[in-house]
Amino acid sequence: MINLEPNFTLDAKSIHKLSTKGLSLKTLKEQISEDLDFLLQLWHSQGLEIVKQHGYYYFATKFVSIEDAVFCIVDIETNGSKIDKHQIIEIAAVKVKNGIIIDRFESLVNCKEINQHITAITGISAEDTKDAPNLKTVMYDFKLFLADTVFVAHDVKFDYRFISLSMQKVGLAPLLNRSLCSLFLAERTIESYRYALSYLNVSFNLNPDAVHHRAMCDVMTTYELFKLSLANIDKNIKTVEDLIKFSKEGKRLKKPKFDPLQESQG
């Protein structure tokens, strides 16, 4: 089930219909109790646009071509993985339309405690964030930046969930944006021994100046990976929903038996 608002849910079958053959008004009203027009506006404010076509309701992204869509490639750094104990310490994103970056967002987030292990990985210390805006300010600003674009990240589930829960922490509604995993897409479009972002970066020279585990550097590496993946998709994949479906259900490419990077080093 998808939680569109604490008291309103749609089951998996209905969600599938919103991205494929459409959901009837009757089925939609069976699962919600509030005014539909109000809910459609509310969901849109959370990043999800649902449109009516020929008497049925669909995700708007079913009718948006990949070339016309705006994808928001996102990365976060956190001081731990548990939302109840930890927080975002850096966030970065770029909006991409037809392969071109059209806007950018980047911010450190004020954080009182960052342990040495996290600092060793990211290079970010609590001292570095002392003059940065607080989480509430950054989440409000990022929500305005994200709007109703398609949320893209490498292993998207973590970033999407952590940001959504962080928004709820500061009093905002959870995210409902359509999302796309660049890792899943890469597995179906690029032959590689591994699909970690750092490995793909070295294998395909995506972002030669990258500093791994800094948000904007990882965003730019994912951007180059995303473009490479799109260059390899079948021409029959035309809309955003086609692409999302392919990233989840398309056949994964066969991995090489041996690590070519180790062979080259040897």
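Every number in this text was worked out from the coordinates using simple rules, so none of it is lab data. Nothing here was measured: the structure is a model prediction, and the numbers come from that model. Quick reminder, even Gly has a Cβ in these numbers, built from the backbone with ideal geometry, and neighbours come from all protein chains shown.
Give the residues of the stretch 243-266 that are out of contact with any strand residue (DSSP E or B) (no Cβ under 9 Å at 6 or more places or on another chain) and not in a loop (DSSP other than H, G, I, E, B), sorted by residue number. Write out each step before concluding.
The initial filter retains those residues of the stretch 243-266 that are out of contact with any strand residue (DSSP E or B) (no Cβ under 9 Å at 6 or more places or on another chain), namely 245-246, 249-266.
Within the stretch 243-266, Lys245, Phe246, Glu249, Pro260, Leu261, Gln262, Glu263, Ser264, Gln265 qualify.
Taking the stretch 169-197, which residues are outside any loop (DSSP other than H, G, I, E, B), surrounded by fewer than 20 Cβ atoms within 10 Å (Cβ to Cβ) and more than 17 Å from the chain's Cα centre (by Cα)?
Lys169, Arg188
Leu225: in contact with a Ser or Thr (Cβ under 9 Å, 6 or more places away or on another chain) and assigned to a helix (DSSP H, G or I), yes or no? Step through it out loud before you land on a result.
Working: in contact with a Ser or Thr (Cβ under 9 Å, 6 or more places away or on another chain): yes; assigned to a helix (DSSP H, G or I): yes.
So Leu225 passes the test.
Of the residues that sit in the stretch 119-158 and are hydroxyl-bearing (Ser, Thr, Tyr), surrounded by fewer than 19 Cβ atoms within 10 Å (Cβ to Cβ) and outside any loop (DSSP other than H, G, I, E, B), which one is nearest to the chain's Cα centre (by Cα)? Reasoning before the result, please.
Start the filter on the stretch 119-158 by keeping residues that are hydroxyl-bearing (Ser, Thr, Tyr), which leaves 119, 122, 125, 129, 137, 140, 149.
After this cut, where a residue has to be surrounded by fewer than 19 Cβ atoms within 10 Å (Cβ to Cβ) as well, the list is 119, 125, 137, 140.
Still in the running and outside any loop (DSSP other than H, G, I, E, B): 119, 137, 140.
Values: Thr119: 24, Thr137: 20, Tyr140: 17 Å.
Step by step, filter the stretch 119-158, then rank; the result is Tyr140.
Give the residue, chosen from Leu253, Leu206, Leu225, Leu200, that is crowded, with 17+ Cβ neighbours inside 10 Å, in contact (Cβ under 8 Å) with a residue 24 or more places away in the chain and over 17 Å from the mean Cα position of the chain (by Cα).
On the way: Leu253 fails: crowded, with 17+ Cβ neighbours inside 10 Å; Leu206 fails: in contact (Cβ under 8 Å) with a residue 24 or more places away in the chain; Leu225 fails: over 17 Å from the mean Cα position of the chain (by Cα).
After ruling out the rest, the residue left standing is Leu200.
I'm trying to understand the selection: among the residues of the stretch 168-192, which are over 21 Å from Ile15 (Cβ atoms) and of a type in the set (A, V, I, L, M)? Spell out the reasoning first.
Start the filter on the stretch 168-192 by keeping residues that are over 21 Å from Ile15 (Cβ atoms), which leaves 169-172, 182-183, 186-192.
If the condition is that a residue be over 21 Å from Ile15 (Cβ atoms) and of a type in the set (A, V, I, L, M), then Val170, Leu172, Leu183, Ala186, Ile190 are the ones that fit.
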